[in-house]
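Data block below; observations after.
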Amino acid sequence: MKKFIIDNTKTLIFALIIAVFIRSILIQPFYIPSSSMEPNLLVGDRLFVTKFSYGYSKHSFPFSPPILNGRVLSDNPERGDVVVFKTPADNRTDYIKRLIGLPGDVLQFIDGDLYLNNNQIVKTIKKKNDYLFCGNNEISVSTYEEKLPNGKKYFASYRNDISFKNSDKFIVPKDHYFFLGDNRDCSKDSRFLSEVGYVHKNNLVGKAQILFFSSDPRKGSIFLIWKWNEIMRFSRLFKKIK
């Protein structure tokens with residue numbers, strides 16, 4: 001009996017070590033809890049984030065232990081990447097947003113249009129009367145395809161009634177990044193300097209790569225197998241994140 005307990009304890013410890021290694025060095029699953037990245041990421045999406053994409057910092061590890069000073073094996077993210085990061089407000093909460101501004105960039109909203117380094121971001125209307133969630137409420141939006149200077153394209157939605165129109169200039173500091181949610185009028189992001197603001201490179205956790213599972217929590221728990229035809233979003237399984 002004693003040998004049985006020891007052997008199983010060793011197996012459990014080894015399994016935990018392997019799991020922590022994979023989670024910290026390779027990939028980590030994340031759950032989307034809010035609608036700030038609609039229409040591209042929905043509440044209930046589960047996705048894999050690659051931890052090696054931008055190198056490693058203390059935030060690559062569970063509970064952010066102070067074992068690294070800065071980043072190691074660092075690689076720069078690209079505009080348009082969907083990134084998981086720790087919010088500067090508490091260095092603990094995971095956020096997922098789209099990277100728009102690099103160090104030294106100047107961003108500004110003018111009459112509802114996004115400008116990057118004094119050039120308007122090209123956007124093409126896709127749907128004028130679209131509906132997205134903002135929390136538990138549906139909002140009327142217009143959805144556009146935006147194109148960044150590096151050619152990256154993605155969908156972004158703006159409210160049809162009350163939208164974020166104008167802002168001061170945001171000047172991204174050295175070693176920091178500027179993030180926006182794709183659901184522009186339902187996102188707490190870098191526009192709100194006291195809550196999120198500019199994100200230091202050490203706070204980057206990883207790059208969102210692929211959806212591996214998706215269910216609609218508003219329609220019920222995934223444990224209600226007999227309702228899977230309503231709850232599961234089968235068309236989103238193993239979908240690459242753009």
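Since every read-out is calculated from the coordinates, none of them should be taken as a lab result. Owing to the predicted nature of the structure, the values given are computational and were not obtained by experimental measurement. Don't worry about glycine lacking a Cβ; one is built from the backbone with ideal geometry, like all the others, and counts go over all protein chains shown.
Starting from the Kirkwood Rh over alpha-carbon pairs, what translational D in µm² s⁻¹ does region 93-154 have by Stokes-Einstein at 4 °C and 1.567 mPa s? Could you put the intermediate results ahead of the total?
On the way: Rh = 13.6 Å.
Answer from the Stokes-Einstein relation: 95 µm²/s.
Rounded to the nearest 500, what is the chain's calculated 222 nm mean residue ellipticity when only DSSP H runs of at least 4 contribute -39500 (n - 2.57) each, over all residues? Mind showing how you got there, number by number?
Numbers: 2 runs with 24 residues, N = 242.
The per-residue figure over the chain is -3000 deg cm²/dmol.
Using a ≥ b ≥ c from the Cα gyration tensor of region 188-242 (square roots of the eigenvalues), is it rounded, prolate or oblate, where a/c under 1.5 gives rounded and otherwise the larger of a/b and b/c decides, a/b for prolate? Mind showing how you got there, number by number?
Details: a/c = 3.67, a/b = 2.11, b/c = 1.74.
It is prolate, given that a/c is not under 1.5 and a/b is the larger ratio.
What is the magnitude of the charge dipole of the chain about its Cα centre, with +1 placed on the Cβ of each Lys and Arg, -1 on the Cβ of each Asp and Glu, and no other charges, expressed in debye to the nearest 20?
Details: 37 positive and 24 negative charges, 158 e Å.
Using only the charged Cβ atoms, the result is roughly 760 debye.
Using DSSP to define loop residues, name the trypsin sites (Lys or Arg not before Pro) in region 123-230 whose beta-carbon has at most 15 other beta-carbon atoms within 10 Å.
Numbers: sites: K123, K126, K127, K128, K147, K152, K153, R159, K165, K169, K174, R184, K188, R191, K201, K207, R218, K219, K227; in loops: K152, K165, K169, K174, R184, K188, R191.
Those satisfying the criteria are K165, K169, K174, K188.
To the nearest Å, what is the center-to-center distance of region 87-102 and region 7-64, using C-alpha atoms only?
Going from one Cα centre to the other spans 16 Å.
Enumerate the lysines that K123 could reach by cross-link, defined here as Cα to Cα under 23 Å, with residues fewer than 8 away along the same chain left out.
Reachable lysines: K97, K147, K152, K153, K165, K169, K188, K240, K242.
Please list, ordered by chain and number, the residues whose modelled amide H lies under 5 Å from the amide H of Y154; skip anything fewer than 5 residues away on the same chain.
Amide H to amide H, under 5 Å and 5 or more residues apart or across chains, Y154 pairs with E146.
Pull up all non-local amide H partners of V205: gap of 5 or more, or a different chain, and H-to-H distance under 5 Å with H placed in the peptide plane.
V84, F85, K86
Please list 3J(HN,Hα) in residue order for region 92-102, calculated via the Karplus relation 6.51 cos²θ - 1.76 cosθ + 1.60 where θ = phi - 60°; whole Hz, with x for glycine and proline.
Going residue by residue, I get 9, 7, 7, 10, 10, 8, 9, 7, 10, x, 9 Hz, with x marking Gly and Pro.
Can you list the HN-Hα couplings for region 167-180, worked out from phi with the Karplus curve (6.51, -1.76, 1.60; θ = phi - 60°), rounded to whole Hz and with x for Gly and Pro?
Coupling constants for region 167-180: 8, 6, 6, 9, 10, 6, x, 4, 6, 10, 9, 10, 10, 10 Hz.
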